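J.: Take a look at the following structure, please.
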Amino acid sequence: MSETKKKDVLIVGQGGREHALAWLLKRQGGVNRLMAAPGNAGIASIAECFDVKPTDIDGQVALAGKEKPDLVLVAPDDPLALGLVDRLQAAGIRAFGPTAAAARIESNKAFAKRLMWEAGVPTAAFKAFSDPEKACDYVSSVSHRVVVKASGLAAGKGAIVTSSRDEAQEAVWEIMVKRTFGDAGNEVVIEEFMEGEEASLFAICDGRNYRLFVSAQDHKPVFDGDRGPNTGGMGAYAPAPVVTDEVRQQACERIIEPTLKALAAEGCPYHGILYVGLMITREGPKVVEMNSRWGDPETQVVVPLLRSDMMELMEAAIDGKLDTVSVDEDEGATVVVMLASGGYPGDYTKGFRISGVEKAAEQEGVILFHSGTAWKDGSLVTNGGRVLGVTAVADDIRTAVGRAYRAVDHIHFDGMHYRKDIAHRAIARLASSTLK
Ligand code: AMP
Ligand code: GLY
């Protein structure tokens, strides 16, 4: 790419996903000035960081007005739901991401479920309630297992999978009466429990056209063997073999295309990344959730395989021209192991010194994406629940897993914990296919 075409870009956000996107843009060379607000210690090594919170919408608009980036990439869910893209566009600044109305696909689960249901998109049967008594009566009346979800944004923790009527009633109480997730629990969505294996698909969308990226699989529960409470994601890998070509095609035809059409018909055409959380059931793929952004930590495993120019893809998505570009990717496999603070996803302490990062980053195929880190008195310290995403790329998933865990062995901080079984499903699948 020639010097004159290079763009100034501002990334809004501060996690591992944003570090991975910053790394990608830097590596692809299409960016002149790379900025982040607020960023983290890892992002600061490749971008200028500004201390503005993602949810400080006025502050973000003022920053963009002052620094004049050619494009603002709004990565997290909260500023999208709060209308940062709308505000930037109104100020004449190009922004990548859905408007607040389109971002309701994530920020308002009741809206998303109704839209999908009316469009015939396969997803769990559901009912929405804003009265806790009615919600409790409903869960007492059904015989199937249910999942109780806060309708609003709850940092990925607002879904409670229940196995009995008592548990379901308790979940309604937790969300609507105890208000564990605040206003996000003004309304609950109660869904039928779906059996199957989960996977994440990401589509870049221009309102009408879309392009898919490689599939990935997240690991939400905190402990090995998928036990314990849900987290924001303890690790991921790509590609996910459960997403066969047939599943991909079904997801396109039955899920993504009707959803994009329905959003356009609602008057909110979807521009940006559409995250499709799938359950691969015996009847085919069904939607667990849709999000209005890249996943974290899935982004950390998807972008290292991307060969196409991300700037070009984002520009095409904004301008409604995705039909003129393609998503090309490498054949290999990627894994990310998330190193978390002691106590996460519950309470945890920040500020512990992190050692061994340089040694880990020197290992073959390894990239470190910082999630919650900061510099303090010249040392790298923990600054969040999820701290570092140790990512490895290789020709195959087994090698990638070996590389990631060997790199993890070099890193230490007080209370550090991580899952030791990331990619276990892909590896089990490989083992069973070689036995046959
Ligand atoms: P969500 O916040 O909607 O992504 O839900 C968090 C997690 O809860 C998902 O990743 C699933 O593991 C589980 N879950 C959510 N909805 C369902 C469902 N209808 N059936 C089975 N599991 C679900
Ligand atoms: N990895 C789950 C999410 O980003 O919502």
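J.: Please compute the Kirkwood hydrodynamic radius of region 280-395 from all pairs of different C-alpha atoms, in Å with one decimal.
T.: That comes to 17.0 Å for region 280-395.
J.: Can you bin every Cα-Cα distance in region 53-171 into 5 Å intervals starting at zero and give me the percent of pairs per bin, rounded to whole numbers?
T.: For region 53-171, the binned pair fractions read 2, 11, 17, 17, 14, 11, 10, 8, 6, 4, 2, 0 percent.
J.: Can you give the percent of C-alpha pairs in the chain whose distance is more than 41 Å?
T.: 11 percent
J.: In sequence order, what are the phi-derived ³J(HN,Hα) couplings for region 403-414 according to the Karplus relation 6.51 cos²θ - 1.76 cosθ + 1.60 with θ = phi - 60°, rounded to whole Hz, with x for glycine and proline?
T.: With the stated coefficients, region 403-414 comes to 5, 4, 5, 5, 5, 4, 4, 7, 9, 8, 8, 4 Hz.
J.: Among Val336, Leu368, Val9, which residue has its Cα positioned farthest towards the positive end of the charge dipole of the chain, with +1 placed on the Cβ of Lys and Arg, -1 on the Cβ of Asp and Glu, and the dipole taken about the Cα centre?
T.: Most positive-ward Cα: Leu368.
J.: Considering only Val121, Pro69, Tyr348, whose Cα is most displaced toward the positive end of the charge dipole of the chain, charges sitting on Cβ of Lys, Arg (+1) and Asp, Glu (-1)?
T.: Tyr348
J.: First obtain the Kirkwood hydrodynamic radius of region 176-275 from its Cα pairs, then insert it into the Stokes-Einstein equation at 25 °C and 0.890 mPa s, and state the resulting D in µm² per second as a whole number.
T.: Roughly 153 µm²/s, to the nearest whole number.
J.: Still on this structure, I have one more. Over 16 Å apart: what share of the alpha carbon pairs of region 27-67 falls there, rounded to a whole percent?
T.: More than 16 Å apart: 39 percent of the Cα pairs in region 27-67.
J.: Then there is this: Can you give the charge dipole size of region 306-436 about its Cα centre, rounded to the nearest 20 debye, using +1 on the beta carbon of Lys and Arg and -1 on the beta carbon of Asp and Glu?
T.: 820 debye
J.: With +1 on each Lys and Arg Cβ and -1 on each Asp and Glu Cβ, and nothing else charged, work out how big the dipole of region 53-181 is about its Cα centre, in Debye to the nearest 20.
T.: 160 debye
J.: Sticking with this structure for a sec: Can you give me the Cα centroid spacing of region 296-348 and region 357-376 in angstrom?
T.: That distance is 18 Å.
J.: If you average the alpha carbon positions of region 154-190 and of region 233-288, how far apart do those two centres end up, in angstrom?
T.: One Cα centre to the other: 25 Å.
J.: Evaluate the charge dipole of the chain about its Cα centre and quote only its size in Debye, nearest 20, assuming +1 on the Cβ of each Lys and Arg and -1 on the Cβ of each Asp and Glu.
T.: With only Lys, Arg, Asp and Glu charged at Cβ, the dipole is about 260 debye.
J.: Say the dipole of the chain comes from +1 at the beta carbon of Lys and Arg and -1 at that of Asp and Glu; which of Ala159, Thr299, Thr259 then lies farthest toward its positive end?
T.: With unit charges placed on the Cβ atoms, the residue in question is Thr299.
J.: Continuing with the same structure: Subtracting the Cα-Cα distance from 0.36 nm times the residue separation, let me have the gained length for Lys420 to Lys6 in nm, one decimal.
T.: Gain on extension, Lys420 to Lys6, equals 144.9 nm.
J.: To the nearest 0.05, what FRET efficiency results for Asp409 and Ser143 with a Förster distance of 35 Å applied to their C-beta separation?
T.: The value I calculate is 0.10.
J.: Counting only residues 5 or more places away or on other chains, whose amide H sits under 5 Å from the amide H of Leu73 once H atoms are built in the peptide plane?
T.: The answer is Leu10, Ile11, Val12, Phe96.
J.: A further question follows. Out of residues 5 or more away from Glu197 or on other chains, whose amide H comes under 5 Å of its own, with H placed 1.01 Å from N in the peptide plane?
T.: Excluding prolines and chain starts, which carry no amide H, the hits are Ile280.
J.: Percent antiparallel among DSSP beta bridges with both residues in the chain, to the nearest 5?
T.: Around 80 percent antiparallel, to the nearest 5.
J.: For n ≥ 4 DSSP H runs only, could you compute -39500 (n - 2.57) per run for the chain, divide by its residues and tell me the 222 nm figure to the nearest 500?
T.: After summing the helix terms and dividing by the residues of the chain, the value is -8000 deg cm²/dmol.
Values quoted throughout were computed directly from the atomic coordinates according to the rules given, and no laboratory measurement underlies them. Because the structure is a prediction, the values reported are computed rather than measured. Cβ: placed from backbone, ideal geometry, glycine included. Neighbour counts: every protein chain shown.
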